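Before any comments, here is the structure.
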Amino acid sequence: MDNRIPIRLPKIREVLTLAAPPFGSSRLGLDKEVPVPRLSILIPCLGGAAEFDGTLVSVLQNRPAGCEILVVHTEPYDDPYNLAGEVRFVRASGRTVVELVNEGTQAAKGEVLNILACGLEVSENWTTPALAHFADDEVAAVAPTLLDRDRQPLAAGVRWTLGGARKLAVARSFQVVAPLLAAGFWRRSAVLAHGGFEATLGDDLADVGLGLALRELGLKTVCEPKSQLTAIIDPLPLHRANSLHQGQRAERLFWRFAAHAGLGLALASHPFTILADLLSRLPTAGALLNPLGRLLACCEFGAQGRYLSHLNRCAERLSGDSSTPATVSLAEARAEAQAKSAASISPARSRRQAA
């Protein structure tokens, strides 16, 4: 039985006109209209220009037609190469990558976001295979393949185990629920409807958290092995929370989505996930702090009901059945989620209980 919240996404753009040629069409020799959406390439950077220079140069050298490029940064930048006509530099106040991504999402104008962390390099036509998937209204995200310097696969997205652990998917898999925060394509309307990436989950869980939420809304993530990025420096270790917060966030995420594949199976697997996490932290203090964080998450009474109510609001925005605009600000979306009553239960969850 399908318990997902049913929604209908508005179509992005059925056909591009001659005034807006398909991305890379001049290189591929396409001579007819194809359903390819407009793109915003977003490079978040917590450090200085030295960190994003390599990625930005790579994007400019292989820039697809009809896109915009945003660099969201925290430190002063005086644009010594006079790139303001080609690149939008957005000064942000965020302290984590996910906060920078949210500020960039708000500033972007494109219908699809391509997030590229510092340390990645792109190749010619890297966007073309991924963008084609967004002609399907049910696709909310596309996971490209991340390669190392030797062209060996590092990751093809992230998956969520039955027991509640985030894992990298090294190969293309139906189990992928989201692209990496460091490298992925996202439908911007879906990200905005959710209120952006959830900053409270931190850089290490924000990607899988959004992917799981969109899956609950009936949307999907697909892998695209032909869209390839190369990691010159490792972009995966983003801003990591301490063990207490990691445990709290992981436990919160587990309970939100434990019923998706069957609550009984999830509960049976969960202790083994906790044990494996604990053993991986020995002999540090994290072995004690992580379980404590999980315990604190279990004491967050009413959190589940509030989140389910928030998902209902997301579904209304995406389906166009609500008077709320589909493109709302991140602050408005979060405020709505907080204002909802904890007693409000989604139709999808009600059907599960009835079953």
Here are the criteria: (1) over 12 Å from the mean Cα position of the chain (by Cα); (2) surrounded by fewer than 24 Cβ atoms within 10 Å (Cβ to Cβ); (3) not polar (S, T, N, Q). Tell me which single one Leu212 does not satisfy.
(1)
Log entry, pairs with first residue in the stretch 233-248 being closer than 21 Å to Leu147 by Cα and among the polar types (S, T, N, Q), second being at pLDDT 70 or above and assigned to a helix (DSSP H, G or I), beta carbons closer than 9 Å, six or more apart or on different chains, reads none
Does Thr221 qualify as being surrounded by fewer than 18 Cβ atoms within 10 Å (Cβ to Cβ) and under 24 Å from the mean Cα position of the chain (by Cα)?
no
Can you name every residue in the stretch 132-169 that is touching a Phe, Trp or Tyr at 6+ places or on another chain (Cβ under 6 Å) and closer than 15 Å to Glu224 by Cβ?
Ala141, Val142
Regarding the stretch 204-217, can at least one residue be identified that is at pLDDT below 95, closer than 23 Å to Ala156 by Cα, touching a strand residue (DSSP E or B) at 6+ places or on another chain (Cβ under 8 Å) and of a type in the set (Asp, Glu)?
yes
Evaluation of Asp136 against (1) buried (at least 23 other Cβ atoms within 10 Å of the Cβ); (2) within 16 Å of Leu217 (Cα to Cα) (one fails), failing number:
(1)
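So, in the stretch 152-167, how many residues would count as being touching a residue at least 60 places away in the same chain (Cβ under 8 Å) and either on the phi > 0 side of the Ramachandran plot or out of contact with any helix residue (DSSP H, G or I) (no Cβ under 8 Å at 6 or more places or on another chain) (or both)? Steps first, answer last, please.
Taking the stretch 152-167 first, the residues touching a residue at least 60 places away in the same chain (Cβ under 8 Å) are 154-157, 160-166.
Narrowing further to those that are either on the phi > 0 side of the Ramachandran plot or out of contact with any helix residue (DSSP H, G or I) (no Cβ under 8 Å at 6 or more places or on another chain) (or both): 154-157, 164.
The total comes to 5.
A quick yes/no check of all residues on (1) assigned to a loop (DSSP other than H, G, I, E, B); (2) modelled with pLDDT of 90 or more; (3) loosely packed, with under 14 Cβ neighbours inside 10 Å:
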site	(1), (2), (3)
Pro271	no, yes, yes
Asn290	no, yes, no
Leu296	no, yes, no
Arg306	no, yes, no
Thr324	yes, no, no
Val328	yes, no, no
Ala342	yes, no, no
Ile345	yes, no, no
Arg352	no, no, no
Could you please let me know if Ala171 is among the small types (Gly, Ala, Ser), over 17 Å from Leu217 (Cβ atoms) and in contact with a Ser or Thr (Cβ under 8 Å, 6 or more places away or on another chain)?
no
Taking the stretch 102-130 as the region of interest, how many residues are farther than 15 Å from Val59 by Cβ and assigned to a helix (DSSP H, G or I)?
6
Give me the pairs: first residue in the stretch 79-93 and free of Cβ contacts under 8 Å to residues at least 40 places away in the same chain and aromatic (Phe, Trp, Tyr), second residue exposed (fewer than 10 other Cβ atoms within 10 Å of the Cβ) and part of a strand (DSSP E or B), beta-carbon distance under 9 Å, and six or more apart or on different chains, which are they?
none
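The values are calculated or read from the model by the stated rules, or taken from the named source; none is laboratory data. Computed from a prediction, not measured in an experiment: that's the story for all the values here. Virtual Cβ from ideal backbone geometry, glycine too; neighbours counted across all protein chains shown.
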